[in-house]
Amino acid sequence: MMLNRTKDILADLIAFPTISPDSNLELITYLCAHFEVLGARCMTLHSEDGRKANIFATLGPDAPGGIVLSGHTDVVPVADQDWASDPFEMLERDGKLFGRGTCDMKGFVAAAMALAETLDANSLTKPLHFAFTYDEETGCLGGQHLVRELAARGITPDIAIIGEPTEMRVMEGHKGCYEYTTHFTGLEGHGSAPDAGVNAAEYAARYVSKLLDLREALKGRAPATSAFEPPWTTINVGRVAGGVAHNVIAGKAEVDWEMRPVQISDADFVKGALENYVDDTLLPAMHAVHPEAGITLETIAEVVGLEPMDDNAARDLVTELTGANRVDLVAFGTEAGLFQQLGTSAVVCGPGSIAQAHKPDEYIEIDQLDQCCKMLERLGRRLSS
Ligand SMILES: [Zn+2]
């Protein structure tokens, strides 16, 4: 029974406390060992500091295209959360499996591993890939690394199924999530002589004002067919900080902001307009008083969106496999957009509800895992001759 095997593997996966900042190497070693027994070709890609890794494994013919099952191995922290049981020991109760990562998203990873065990690799007519990454929860860093490497090696799967928790509903799009901190460095001085200093807080205010102008402009750029809510790219100013006292010219300031693009061209539009504003307007005024003054844009994360497309073979396949009668958009970011950028058609569909993710006593309903197993079994039969 694939479901029982999935539960066993999931219990093993939950026992690895792969919180994003910590190493996931023991989990990767476990997965690699499983894949090697199955005769899969296995590639591991280590992060720069060597403490984490992605795994990309392939069963079936050494041929272009194929299908990739994609998931992340990291989980969000449990600190400051009140759990009724050990988050890293899976517990079954009332038709649910409790543990950190059961839902987001080791349940899908376990089901994909269980599928791999049921397949006869020699009977596969197309390659079946497994992509399991690090640092998804902290900005899709592992996914970016993986997709760069796949591009460099000319590996472009035809279809990617990203098994983030959608309650097995078929999701063909989500907005991107780009987060930034902009740092302003001015020149401190006495508040009675504002022209003798460079007020970082005031330049931050002008920058925020520009962001709000751009936010308005973005409303006119929404694609006519956009099904997102709201249909355009949004900008949010999340935190503004700077200065020390009423009578001191602020020497430093920071603005935390984000945008959620519905299309990559909007992100380019905003970044281009900001760059021009900084280079042509703000910096010359700052430098006229103090040449060392400056503005730097720090990228916290750029998770690209999954743009809904008329042609989407991944959506069509998973709609058929699940028997879904509708396709939706998802409100959270995933690695799907990275695969789309690679030229792979991508869809998000996986077991569990995002409502249970990231919370204390995170769980997945066993029925959800069962539905996922059935979908993957159908996929396995379809790929086998
Ligand atoms: Zn996730």
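The values are calculated or read from the model by the stated rules, or taken from the named source; none is laboratory data. Bear in mind the structure is a predicted one, so any value in this text is a computation, not a measurement. Ideal geometry is used to build each Cβ from the backbone, glycine not excepted, and the neighbour counts take in all protein chains shown. In case anyone asks, the SASA skips ligands and DNA or RNA and just uses the protein heavy atoms, side chains included. Shrake-Rupley method; radii C 1.70, N 1.55, O 1.52, S 1.80 Å.
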Check: Looking only at region 61-88, which residues are surrounded by 16 or more Cβ atoms within 10 Å (Cβ to Cβ), out of contact with any Pro (no Cβ under 7 Å at 6 or more places or on another chain) and among the aliphatic types (A, V, I, L, M)?
Finding: Leu69, Val75, Val76
Note to self: Here's a check for you: in region 336-351, which residue that is in a loop (DSSP other than H, G, I, E, B) and within 14 Å of Ala131 (Cβ to Cβ) is farthest from the chain's Cα centre (by Cα)?
What the structure shows: Thr344
Notebook entry, point to check: For residues in region 334-382 being on the phi > 0 side of the Ramachandran plot and modelled with pLDDT of 95 or more, which is nearest to the ligand (Cβ to nearest atom)?
Noted result: Gly352
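Among the listed residues Glu172, Glu117, Glu149, Glu202, identify the single one that is open to solvent by 20 Å² or more (accessible area, probe 1.4 Å), in a strand (DSSP E or B) and modelled with pLDDT of 95 or more.
Glu172
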Margin query: Conditions first: (1) touching a strand residue (DSSP E or B) at 6+ places or on another chain (Cβ under 8 Å); (2) closer than 21 Å to Pro165 by Cβ; (3) among the polar types (S, T, N, Q). Gln81 passes all but one, so which condition is the exception?
Written below: (1)
Notebook entry, point to check: Which condition breaks for Asp328 when tested against (1) under 20 Å from the mean Cα position of the chain (by Cα); (2) open to solvent by less than 60 Å² (accessible area, probe 1.4 Å); (3) within 25 Å of Gln144 (Cβ to Cβ)?
Noted result: (3)
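Would you pick out the residues in region 149-182 that are acidic (Asp, Glu) and within 16 Å of the ligand (Cβ to nearest atom)? Let's see the steps before the verdict.
Let us first name the residues in region 149-182 that are acidic (Asp, Glu), namely 149, 158, 164, 167, 172, 179.
Glu164, Glu167 - these are the residues of region 149-182 that are acidic (Asp, Glu) and within 16 Å of the ligand (Cβ to nearest atom).
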Margin query: Every residue in region 227-269 that is outside any strand (DSSP E or B) and over 21 Å from the mean Cα position of the chain (by Cα), please.
Written below: Gly243, Val244, Ala245, His246, Asn247, Ala250, Gly251, Phe269
Checklist line | Filter result for the condition that a residue is farther than 25 Å from Pro351 by Cα and over 23 Å from the mean Cα position of the chain (by Cα), over Gly294, Gly323 | finding: Gly294
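Scan Leu38, Leu13, Leu91, Leu31 and give me the residue that is of a type in the set (A, V, I, L, M), in the same structural domain as Ile364 (by TED's automatic domain parsing), surrounded by 14 or more Cβ atoms within 10 Å (Cβ to Cβ) and within 16 Å of the ligand (Cβ to nearest atom).
Sole residue among the options that is of a type in the set (A, V, I, L, M), in the same structural domain as Ile364 (by TED's automatic domain parsing), surrounded by 14 or more Cβ atoms within 10 Å (Cβ to Cβ) and within 16 Å of the ligand (Cβ to nearest atom): Leu13.
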Item checked: strands (runs of 3 or more DSSP E) completely within region 1-83 that count 3 or more residues being modelled with pLDDT under 95 -> none
Next item on the list: Kindly list the number of the only condition in (1) more than 14 Å from the ligand (Cβ to nearest atom); (2) touching a strand residue (DSSP E or B) at 6+ places or on another chain (Cβ under 8 Å) that fails for Gly142.
Entry: (1)
Checklist line | Filtered residues of region 297-333 (kept if within 16 Å of the ligand (Cβ to nearest atom) and among the hydrophobic types (A, V, I, L, M, F, W, C)) | finding: Ala301, Val303, Val304, Leu306, Val330, Ala331, Phe332
Next item on the list: For region 97-121, enumerate the residues that are more than 16 Å from the ligand (Cβ to nearest atom) and among the charged types (D, E, K, R).
Entry: Glu117, Asp120
Next item on the list: Could you tell me which residue of region 130-139 is nearest to the ligand (Cβ to nearest atom), considering only residues that are open to solvent by less than 10 Å² (accessible area, probe 1.4 Å) and closer than 19 Å to Thr44 by Cβ?
Entry: Thr133
Checklist line | Test: Leu124 is touching a Gly at 6+ places or on another chain (Cβ under 7 Å) and more than 14 Å from the ligand (Cβ to nearest atom) | finding: yes
Margin query: Tell me whether region 352-370 contains one or more residues that are of a type in the set (S, T, N, Q), part of a loop (DSSP other than H, G, I, E, B) and crowded, with 22+ Cβ neighbours inside 10 Å.
Written below: no
Next item on the list: Scan region 69-84 and give yes if some residue there is free of Cβ contacts under 8 Å to residues at least 60 places away in the same chain and either over 23 Å from the mean Cα position of the chain (by Cα) or within 15 Å of the ligand (Cβ to nearest atom) (or both), otherwise no.
Entry: yes
Next item on the list: Scan region 281-323 for residues that are open to solvent by 30 Å² or more (accessible area, probe 1.4 Å), in contact (Cβ under 8 Å) with a residue 60 or more places away in the chain and closer than 27 Å to Met375 by Cα and jot them down.
Entry: Glu307, Pro308, Met309, Ala313, Arg315, Thr319, Thr322
